[in-house]
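Report on one structure; see the data block that follows.
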Amino acid sequence: MTDECPEQQPGDPGAGPVARRLKVLIARDELAREVQRLAQEITRDYHGKNPLIIGILKGSFVFLADLIRLLDFPVEIDLVRLSSYGSATVSSGKVKMVHGLETSVRDRHVIIVDDIVDTGLSLSHFATYIKRRRPTSVKTCTLLDKPSRRQVKINVDYVGIAIPDKFVVGYGIDCNEAYRNLCDICVVEE
Ligand code: 5GP
Ligand code: MG
């Protein structure tokens, strides 16, 4: 991929008079290395513990799919859908659970997997929700981290890559449902 890919995709909110351009921030080979590193750490910490891995939809689905295939032990997955963004590129600050858990977390080792920790509100709300349900342990994992945007103090156990305060898309992460299928993490520029 070149470092700029100005093509529009169906549903692209930038299609129209104001064209949006995508600039690669994290290329696919760097993503692959980071996912491998995280998988090695998780394998080291959880071998023999039969953890339940909970992915936060929709943004984490590509990361989760790559991560779990590198875990060297049997895995169990559940998925929840949280929503803190409407259609805008700015957080509403409100966290809703749009689709809930199907598996009991009681007496389980739980790993929560998200795409991006931004203000920290979503992950901290959800981790509190899980902890109330009496798991044996809870750890959190994120592919991307925007530390400069934090509004709540939250400890993330497995962190991929810290990024600046930019709106990113690709590798499962969208802008109004577009761009999830990009292989690199890109910044949307107007
Ligand atoms: P937080 O609750 O930490 O503010 O935000 C968490 C969620 O907001 C992330 O898991 C992600 O789904 C979404 N988010 C944060 N930053 C971005 C971004 O740059 N691009 C997109 N598409 N979503 C983001
Ligand atoms: Mg998310």
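The values are calculated or read from the model by the stated rules, or taken from the named source; none is laboratory data. All figures in this text were calculated on a predicted structure; none of them were measured in a lab. All Cβ positions, glycine included, derive from the backbone under ideal geometry; neighbour counts span all protein chains shown. For accessibility, only protein heavy atoms count, side chains too; no ligands or nucleic acids. Shrake-Rupley method; radii C 1.70, N 1.55, O 1.52, S 1.80 Å.
Within segment 23-42, none of the residues are outside any helix (DSSP H, G or I) and at pLDDT below 95.
Looking only at residues in segment 100-144 that are more than 12 Å from ligand 2 (Cβ to nearest atom) and of a type in the set (D, E), the one that is farthest from the chain's Cα centre (by Cα) is D107.
Across segment 144-158, which residue is most open to solvent (accessible area, probe 1.4 Å) among those that are farther than 18 Å from P51 by Cβ and part of a strand (DSSP E or B)? Per the criteria, the residue is D145.
Applying the criterion of being open to solvent by less than 40 Å² (accessible area, probe 1.4 Å) and part of a loop (DSSP other than H, G, I, E, B) to the residues of segment 109-132, the residue that is nearest to D165 (Cα to Cα) is D118.
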